[in-house]
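Peer 1: First the structure, then my questions, so here it is.
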Amino acid sequence: MGPGSRRMLRGLVPVAVLAAAWEAAPRAGLVDPAFLPPAGAVLGAWGDLAWSGELPRQVLVTARAWAQGFVLAAVLGIAGGLVMAFLPTARAMFSLVVELLRPMPSVAIIPIAILVLGLGDAMKVAVIAYAALWPILLNSLYGVDGVERRLHDVARTFHLGRWRTAWRILLPAASPLIATGLRVSSGIALILAVTAELVAGQSGLGSFILQAQLAIRVAEMYAGILTVAVLGFGLNLLLGAVEGRMLAWHRGATAKETA
Amino acid sequence: MSRARQGAGAGPKVRAAYGIGTLAVLLALWEAASRAGWVPRRFLPPISEVLVVFARLWADGAFPGHLGATLLRMAAGGLLAVVVGIGLGTAMGYRRSIAELFRPVAEFLRPMPPVAIIPALILLLGIGDGMKVVVIAFGCVWPILLNTADGVGGVHPILVDVARNFRFSHAATLRKIVLPAALPQIAAGLRVSLAIAFILSLVSEMIGSTNGLGYFILVAQRSFRIREMYAGVVLLAVVGYLLNACFLKLEARALAWHRATAGASTT
């Protein structure tokens, strides 16, 4: 057994201990099983909900709102960040507004969105897009800002025009930071999707969890929470992998430079 | 391009004028759009009326009371997260075996939207402050924990060896050498957690509470006191801005020595 797999196994120890404690504590009466059913019962409920199609349906509702809001934020954020990076006038005009809006907790706009858009999907998408916008916008802006002086000089040497410089040189050079912004925002988008569903949703995972709690279907509630955790973990893994693949050229290019 | 750059890059004063001008135009547009009926008043009352309501709510003690409740929860949850996050994070950074034990659990729970556990906590702890403090602590602990672990783990081994050679105890090594060296990264984790704490206290108040700003803006919306709702959102923007600004100032002061030594070592 190599050191790598031994490390993996050691990492699984606390997971196993936690699972065993979760199974044993309600059975032994240390916690009220009405509030925390044994792990086995939750897994059973999870299996039933997955098999009946109920859980996949809720995941799909949440995932759709997440995707629409995230794409909207990505388009607006990258476009806005690049405009502010390339046009100093636009930057001087809007940086104060951005500075004032960004530290505002994004959930504060949920009541406004409910008021204007109602309780449906449009409200969710708007809230998600608003919250996910800021990291993408600022990382696009700072990404272009951080491009080395040298690359600007190269562009001028080759007589690249303004647009071709932006498209061929600045944007690719800024892409690692933009990718970081996208990854941060993807997590924020998921938080806001679940939050909007908890506060005002008619469907989706957040509202499923709350409904299960209100109806005292406790095992189903925990199954929903477990699903959210798996979704967050999977999303993070996926975006890390996409980022790694898409930016492989970048790492190669910068590595060669230092060698 | 160069002309535009000169136009707006002429100096910080000119840039500030552009920024304030844009803000003024946007606020004027808000006022006009509502008064002229371009946007229905029940969706967007004029900003002047919102500000009048804001002043009234602040003067009659409603806003200070709700704000105090929200900030108190944030502080309690944040403090819990700081104690657990820095404590366990330091242990993880200092001892590889502890890191291997806890990292998989942390990596699994960190990307989870913390709001999802609110219904379970309501069941286990009721809808009181205990539930809210635990949600805030649960959401805030990961950035602090992982940044502390990385910061402590990244301290140059020579520093630790030197301290041990001078017969520093483990506790003294941690306190005098390791934690100060890891402070910039810990501070970065704390800054992320500050925003998370604010968001989670508001969400927990929206779902189950009878006070706090999250409760206030949602109930104002549900009972169609729209100007009060907007006044609450304005207050949240102001408080968010001030919290962030205060933290940056504190961070700059706490890390001033760090920047000075780092600068000295490179020259």
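Computed from the coordinates by the stated procedures, all read-outs in this text should not be read as laboratory data. Just so you know, these numbers come straight off a predicted model, no measurement behind them. Note that each Cβ is placed from the backbone with ideal geometry, even for glycine, and that neighbours are counted across all protein chains shown.
Peer 1: Going by the structure shown, is A:P37 touching a Pro at 6+ places or on another chain (Cβ under 7 Å), in contact (Cβ under 8 Å) with a residue 60 or more places away in the chain and within 27 Å of A:L205 (Cβ to Cβ)?
Peer 2: yes
Peer 1: Is it fair to say B:W38 is part of a helix (DSSP H, G or I) and among the hydrophobic types (A, V, I, L, M, F, W, C)?
Peer 2: The answer is no for B:W38.
Peer 1: Residues in region B:47-67 that are surrounded by fewer than 17 Cβ atoms within 10 Å (Cβ to Cβ) and not aliphatic (A, V, I, L, M): how many?
Peer 2: Residues flagged as surrounded by fewer than 17 Cβ atoms within 10 Å (Cβ to Cβ) and not aliphatic (A, V, I, L, M) within region B:47-67 amount to 7.
Peer 1: Can you give me the number of residues within region B:13-46 that are facing chain A (nearest Cβ under 10 Å), surrounded by fewer than 14 Cβ atoms within 10 Å (Cβ to Cβ) and of a type outside the set (A, V, I, L, M, F, W, C)?
Peer 2: Total satisfying the criteria: 3.
Peer 1: Do any helices (runs of 4 or more DSSP H) lying entirely in region B:92-198 carry at least 2 residues that are polar (S, T, N, Q), and which ones are they?
Peer 2: B:129-153
Each row is one residue, and each column tells you yes or no for (1) within 24 Å of A:I112 (Cβ to Cβ); (2) at the interface with another protein chain (Cβ under 8 Å from one of its Cβ atoms); (3) of a type in the set (G, A, S).
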residue: A:S175; (1), (2), (3): no, no, yes
residue: A:R183; (1), (2), (3): no, no, no
residue: A:I188; (1), (2), (3): yes, no, no
residue: A:L198; (1), (2), (3): yes, yes, no
residue: A:G201; (1), (2), (3): yes, no, yes
residue: A:L205; (1), (2), (3): yes, yes, no
residue: A:A212; (1), (2), (3): no, yes, yes
residue: A:L226; (1), (2), (3): no, no, no
residue: A:L237; (1), (2), (3): no, no, no
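Peer 1: Quick check on my filter: what residues within region B:199-218 are over 23 Å from A:V184 (Cβ atoms), of a type in the set (S, T, N, Q) and in a helix (DSSP H, G or I)?
Peer 2: Matches in region B:199-218: none.
Peer 1: Which one of A:A132, A:A92 is of a type outside the set (V, I, T), closer than 30 Å to B:A231 by Cβ and over 23 Å from the mean Cα position of the chain (by Cα)?
Peer 2: One residue alone meets the criteria, A:A92.
Table: residues versus (1) of a type outside the set (G, A, S); (2) within 21 Å of A:I109 (Cβ to Cβ).
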| residue | (1), (2) |
| --- | --- |
| A:R168 | yes, no |
| A:P172 | yes, no |
| A:P176 | yes, no |
| A:S186 | no, yes |
| A:I191 | yes, yes |
| A:G201 | no, yes |
| A:G206 | no, yes |
| A:Q213 | yes, no |
| A:I216 | yes, no |
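Peer 1: Still on this model: In contact with a helix residue (DSSP H, G or I) (Cβ under 7 Å, 6 or more places away or on another chain) and among the hydroxyl-bearing types (S, T, Y): is that true of A:S106 in this structure?
Peer 2: It is true that A:S106 is in contact with a helix residue (DSSP H, G or I) (Cβ under 7 Å, 6 or more places away or on another chain) and among the hydroxyl-bearing types (S, T, Y).
Peer 1: Here's something else I'd like to know. Need at least 2 residues that are more than 13 Å from every other protein chain (Cβ to nearest Cβ) per element, so show me which helices (runs of 4 or more DSSP H) inside region A:91-162 make the cut, counting only ones lying wholly within it.
Peer 2: Of the helices (runs of 4 or more DSSP H) lying wholly inside region A:91-162, those with at least 2 residues that are more than 13 Å from every other protein chain (Cβ to nearest Cβ) span A:121-145, A:149-157.
Peer 1: If you don't mind, another one. For region B:194-226, how many residues meet the condition of being more than 14 Å from the chain's Cα centre (by Cα), more than 9 Å from chain A (Cβ to nearest Cβ) and crowded, with 20+ Cβ neighbours inside 10 Å?
Peer 2: Summing the residues that are more than 14 Å from the chain's Cα centre (by Cα), more than 9 Å from chain A (Cβ to nearest Cβ) and crowded, with 20+ Cβ neighbours inside 10 Å in region B:194-226 gives 6.
Peer 1: Residue pairs, Cβ under 8 Å, 6 or more apart or interchain, first in region B:90-101 and more than 9 Å from every other protein chain (Cβ to nearest Cβ), second part of a loop (DSSP other than H, G, I, E, B). List them.
Peer 2: B:G93/B:G154; B:G93/B:V155
Peer 1: Of the residues that make up region B:110-122, is at least one away from chain A (no Cβ under 14 Å) and buried (at least 19 other Cβ atoms within 10 Å of the Cβ)?
Peer 2: Scanning region B:110-122, I find no residue that is away from chain A (no Cβ under 14 Å) and buried (at least 19 other Cβ atoms within 10 Å of the Cβ), so the answer is no.
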